[in-house]
Amino acid sequence: NLAADASCSFDVTVTIPVTLGSGVYTNTTEEITATVDGATRTGQPASDTLTVVAAPQLTKSFIDDPVAPGGSVTLEFTLQHGEEAPGDATGIAFTDDLDAALTGLTATGLPLNDICGSGSSLTGSIGDSFLTLTGGTLVPGETCRFQLTLDVPSAAAPGDYTNTTSDVSATVNGVATSGPAASDILKVSGLLFSKEFLDNPVIAGDTVTLRFTIDNVHPTDDATGISFTDSLSANLTDLAATGPATLDTCGGTLSGTTFLFYTGGSVTSGNACTIEVPVLVPAAAADGE
């Protein structure tokens, strides 16, 4: 309620989402309404712009895992400064503790210089298991991307290892900013498993050879007791094996028709084995994948 020629004001605290990128955001109310002298009146909406200053967005990815114990994997970092940012991002920095994800995981080939603007560098400490980026610079809309090679310890147990950076810090338009950490999962595996339809594409009603390949990439340990299942008809009704495996260098037993069971296989360290089975495509199958 306001008397004639009076005014009032009030403040509201708003929270900016931590993932919101730099930019200028316009905030507009609905029209204002009131009763004046017994009549309903409508006024113009109010509007203002909110300028958000944020650090560049950081993402990371292990681009060629799963990797065997004792092997190497490529880690890629990407920093992106939004097109709507009000100014350049300078002094971009973050850290990444590799050892916290997997004991003995280390980087090679450090330092890397000028990877995100002139004067930027990625260095390592504590046996090159603790990474530090400093001195990065990006203009609005610019992205920098860089890779490095990591050595996986030979004693690493197969499994998933989550690797997370620190928050990203930078100065934008003279304002100190920070952005959320980046994370990805490193997959360490002793076995690699793949499958392939060899005679592909195939005509409905014909038989196609399905090949399974099991590769033991572990540097020292043999794999025994290998087993798996495969529902052939899950995506193509009545797709079915026509008989036993025509080739099996894994030494196990394959059974089933529309649902395959494999048990008892083995493959020695550093070697691969193959299983092939003929599969009949139903004559009524429609074209497709």
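As a fraction of the 1.4 Å probe accessible area of region 1-59, surface on carbon and sulfur atoms comes out at 50 percent.
Counting only cysteine Cβ atoms and a cutoff under 4.7 Å, the chain contains unmatched residues 8.
Here residue 160 sits with roughly 100 square angstrom of accessible surface, probe radius 1.4 Å. Using R0 = 51 Å, the C-beta based FRET efficiency linking residue 203 and residue 18 works out to 0.40.
Across the protein chains, with a 1.4 Å probe defining accessible surface, the residues 226, 63 rank 63, 226 from largest area downward. Evaluating 6.51 cos²θ - 1.76 cosθ + 1.60 at θ = phi - 60° for every residue in region 30-42, the Karplus couplings come out as 6, 4, 8, 10, 6, 9, 10, 6, x, 10, 7, 10, 10 Hz, glycine and proline recorded as x. Heavy-atom accessible area for residue 31, with the other protein chains in place and a 1.4 Å probe, reaches approximately 120 Å².
Of the heavy-atom accessible surface of region 100-180 (probe 1.4 angstrom), what whole percent is carbon and sulfur? Intermediate results must be reported in sequence, preceding the final value.
Details: 1860 of 3720 Å².
Ligands and nucleic acids excluded, carbon and sulfur reach 50 percent.
Distance between the modelled labels on residue 26 and residue 160, one decimal in nanometres: 4.4 nm (7 Å Cα→Cβ projection). Taken along its principal axes, the alpha carbon cloud of region 84-178 reaches lengths of 48, 23, 21 Å, longest axis first.
Which three numbers, in whole Å and largest first, are the semi-axes of the equivalent ellipsoid of region 132-289 derived from its Cα gyration tensor as √(5λ)? List each step's numbers first, then the result.
Numbers: eigenvalues 416, 116, 30 Å².
Sorted largest first and rounded, they come to 46, 24, 12 Å.
The fraction of all Cα pairs in the chain landing in successive 10 Å bins from 0 to the largest distance is 6, 19, 17, 15, 16, 14, 7, 4, 2, 0, given as whole percents.
Kindly state, to the nearest 0.05, the FRET efficiency for residue 258 paired with residue 185, given R0 = 30 Å and r defined as their beta-carbon distance.
Details: r = 33 Å, r/R0 = 1.11.
E(calc), rounded to 0.05, equals 0.35.
In square nanometres and to one decimal, what's the mean projected area of the convex hull around the Cα atoms of region 162-244? Mind dumping the intermediate values first?
Numbers: hull surface 46.0 nm².
For region 162-244, averaging the hull's shadow over all directions gives 11.5 nm².
Note the full-extension length gain between residue 147 and residue 51 as 0.36 nm times their separation in residues minus their Cα-Cα distance, in nm to one decimal.
Fully extending the segment from residue 147 to residue 51 adds 31.3 nm.
The gain in end-to-end length when the residue 178 to residue 220 segment is fully stretched comes to 10.7 nm, 0.36 nm per residue minus the alpha carbon separation.
Once backbone amide H atoms are built at 1.01 Å from N, residue 258 has 241 as its partners under 5 Å, excluding neighbours fewer than 5 places away on the same chain.
The stretch between residue 266 and residue 134, if pulled fully straight at 0.36 nm per residue, gains 42.7 nm over its current Cα-Cα span. Region 240-289 and region 1-66 have Cα centres spaced 60 Å apart. A 1.4 Å probe, protein heavy atoms only, puts the accessible area of residue 59 near 70 Å².
Taking every DSSP helix (H) stretch of at least 4 residues in the chain, weighting each as -39,500 (n - 2.57) and dividing the sum by the residue count yields a mean residue ellipticity at 222 nm of 0 deg cm²/dmol.
The values are calculated or read from the model by the stated rules, or taken from the named source; none is laboratory data. Just so it is clear, the model here is predicted, and its values are computed rather than measured. Cβ sites come from the backbone with ideal geometry, for glycine too, and all protein chains shown count toward neighbours. Side chains included, ligands, DNA and RNA excluded: accessible areas come from the protein's heavy atoms. Shrake-Rupley method; radii C 1.70, N 1.55, O 1.52, S 1.80 Å.
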